[in-house]
Amino acid sequence: MLRNSMKTEFINRSDNERFARSVAAAFVIELDPTVDQLTEIKTAVSEAVTNAIIHGYENEEGTVTLEGSLCGDTVEFIVSDSGVGIPDINRAREPLFTGKPETERSGMGFTIMEAFMDIVEVESAVGKGTRVRMVKKISR
Amino acid sequence: MELIIYAKYRALVARLQGELDHHSAGLVREEIDRALERTGAVNIAFDFRHVTFMDSSGIGVLMGRYKKVTALGGRLAVFGASDTVRRIMRMSGLERFMVIADKLENCFEEVAADAQKQYENGIY
């Protein structure tokens with residue numbers, strides 16, 4: 001059975017959003033996903049990484065980690081930061097909820113992750129950080 | 001992300017090329033808002049035919065511009081988006097606010113008429 005894993009760390013600069021989703025796409029290519037599946041993975045990873053970059057450290061510099069693992073026909077990604085954390089995860093996951101209403105954030109990030117991945121789990125502790133785990137089965 | 005904005009009469013046609021994410025959203029927002037001010041346009045048609053990726057940051061940009069043009073009495077349309085991008089737009093309920101079309105000709109009349117003139121003049 002196919003097994004692989006990877007881990008990459010980068011600072012919370014917005015141009016690393018593109019880097020992170022490109023890494024995710026390159027990592028999963030081994031499973032031979034369809035173009036749609038690849039776009040779904042890139043979008044979900046982009047949402048999680050963007051959340052970490054925008055909310056994770058407020059305006060401080062910090063590190064965002066992207067881990068990936070392949071097991072059989074299933075891919076798992078974990079996006080984590082050691083930043084401020086989410087006070088109310090259920091509320092953050094509601095469609096159209098944004099932690100930054102003063103900016104033009106749509107509040108659709110978690111909704112899109114949930115639509116495009118099979119499993120989305122969020123763990124967060126205020127002052128400690130946030131970890132988003134996403135799993136998708138690549139069946140053709 | 002590259003952005004080309006055509007303005008004629010009271011409409012902008014904003015042709016986006018590349019990936020629309022949080023990083024590129026700032027540029028798109030600034031350029032379009034500046035063009036709205038400079039030209040006095042009140043309608044926007046977003047040309048998404050060359051957008052290769054969009055996440056929820058793009059929804060924020062579109063909703064932000066929608067609020068602007070609505071306040072000016074104008075309208076907003078998006079045309080030529082890929083299937084996945086349209087899915088994200090549908091998920092976010094955007095079609096309740098703006099015209100989402102395959103082609104520019106199917107967007108609202110004002111913008112289509114202006115664009116037609118641009119086609120005829122060989123600008124677009």
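Could you work out how far apart the two model spin labels at B:Asp102 and A:Ile29 are, taking each label as a point 7 Å from the Cα in the direction of the beta carbon, and quote it in nm?
About 3.2 nm, to one decimal.
Buried accessible area for the A:B pair, summed, 1.4 Å probe, in Å² rounded to 100?
Working: alone 7690 and 6580 Å², together 12380 Å².
Summing both sides, the interface buries roughly 1900 Å².
Through the Karplus equation 6.51 cos²θ - 1.76 cosθ + 1.60, θ set to phi - 60°, convert the phi angles of segment A:101-117 into ³J(HN,Hα) values in whole Hz; use x for Gly and Pro.
Per residue, the Karplus-derived 3J(HN,Hα) values read x, 6, 9, 8, 8, 7, x, 9, x, 5, 4, 5, 4, 5, 6, 9, 10 Hz.
Have a look at A:Leu2, A:Met113, A:Leu96 and report the one farthest towards the positive end of the charge dipole of segment A:2-140, computed about the Cα centre with Cβ charges (Lys/Arg +1, Asp/Glu -1).
A:Leu2
Kirkwood Rh over alpha-carbon pairs of segment A:1-84, then Stokes-Einstein at 4 °C and 1.567 mPa s: what D in µm² s⁻¹, rounded to an integer? Spell out each step's value before the answer.
Numbers: Rh = 13.0 Å.
D = 100 µm²/s.
Would you mind computing Rg(Cα) / (2.2 N^0.38 Å) for segment B:57-102, counting N as its residues? Write down the numbers at each step before the final one.
Numbers: Rg = 10.2 Å, N = 46, 2.2 N^0.38 = 9.4 Å.
Against the empirical 2.2 N^0.38 Å value, I get 1.09 for segment B:57-102.
Once both axes come from the Cα atoms, what is the angle between helix A:16-28 and the longest principal axis of chain A, in degrees from 0 to 90, rounded to 10?
20 degrees
Just going by the charge dipole of the protein assembly as shown, with Lys and Arg at +1 and Asp and Glu at -1 on Cβ, which of B:Ala77, B:Leu16, B:Ile5 is farthest out on the positive end?
So the residue we want is B:Ala77.
What are the equivalent ellipsoid semi-axes of the protein assembly as shown, built from the alpha-carbon gyration tensor (square roots of five times its eigenvalues), in whole angstrom, biggest first? Write down the numbers at each step before the final one.
Values: eigenvalues 243, 84, 45 Å².
One finds semi-axes of 35, 21, 15 Å for the protein assembly as shown.
Among the residues of segment A:78-109, which ones have their accessible area go down by 30 Å² or more when all the protein chains sit together, as opposed to their chain alone (1.4 Å probe)?
Going by heavy-atom accessible area, the residues of segment A:78-109 that drop by at least 30 Å² are A:Glu104, A:Arg105, A:Ser106, A:Met108.
Taking every pair of alpha-carbon atoms in segment B:2-105, give the share separated by more than 23 Å as a whole percent.
Details: 794 of 5356 pairs.
Tail of P(r) above 23 Å: 15 percent of Cα pairs.
Name the residue farthest towards the positive end of the dipole of chain B from the options B:Ala41, B:Thr52, B:Val28, assuming +1 on Cβ of Lys and Arg, -1 on Cβ of Asp and Glu, about the Cα centre.
Farthest along the dipole direction, towards plus: B:Ala41.
Explain nothing, just the number: dipole magnitude of segment B:2-105 about its Cα centre with +1 on each Lys and Arg Cβ and -1 on each Asp and Glu Cβ, in debye rounded to the nearest 20. Can you show the working numbers first?
On the way: 16 positive and 13 negative charges, 89 e Å.
My answer is approximately 420 debye.
Could you compute the FRET efficiency for B:Tyr9 and B:Thr52, with r as their C-beta to C-beta distance and R0 at 25 Å, rounded to 0.05?
Numbers: r = 30 Å, r/R0 = 1.20.
With a Förster radius of 25 Å, E is 0.25.
Would you list A:Glu114, A:Glu123 from the most to the least accessible area, probe 1.4 Å?
A:Glu123, A:Glu114
Could you please state how large a percent of the accessible area of the protein assembly as shown is carbon and sulfur, counting protein chains only and using a 1.4 Å probe? Provide the component values of the computation, followed by the final result.
Working: 5760 of 12380 Å².
The computed percentage sits at 47.
Between B:Ala101 and residues 5 or more places away or on another chain, which pairs have amide H atoms under 5 Å apart, with H built 1.01 Å from N, and which residues are they?
B:Val78, B:Phe79, B:Gly80
Per residue, how many Å² of accessible area does segment A:3-137 show with a 1.4 Å probe?
Working: 6270 Å² over 135 residues.
With the other protein chains kept in place, segment A:3-137 gives 46 Å² per residue.
May I ask for the angle, rounded to the nearest 10°, between helix B:56-71 and the longest principal axis of chain B, with both axes built from Cα atoms and the value confined to 0 to 90°?
The answer is roughly 40 degrees.
May I ask what percent, to the nearest 5, of DSSP beta bridges between residues of the protein assembly as shown are antiparallel? It would help to have the intermediate numbers written out before the result.
On the way: 39 of 55 bridges.
Just about 70 percent of them are antiparallel.
The values are calculated or read from the model by the stated rules, or taken from the named source; none is laboratory data. Model, not experiment: these values are computed from the prediction. Cβ atoms come from the backbone with ideal geometry, glycine included; neighbour counts cover every protein chain shown. SASA here: full protein model, heavy atoms, side chains in, ligands and nucleic acids out. Shrake-Rupley method; radii C 1.70, N 1.55, O 1.52, S 1.80 Å.
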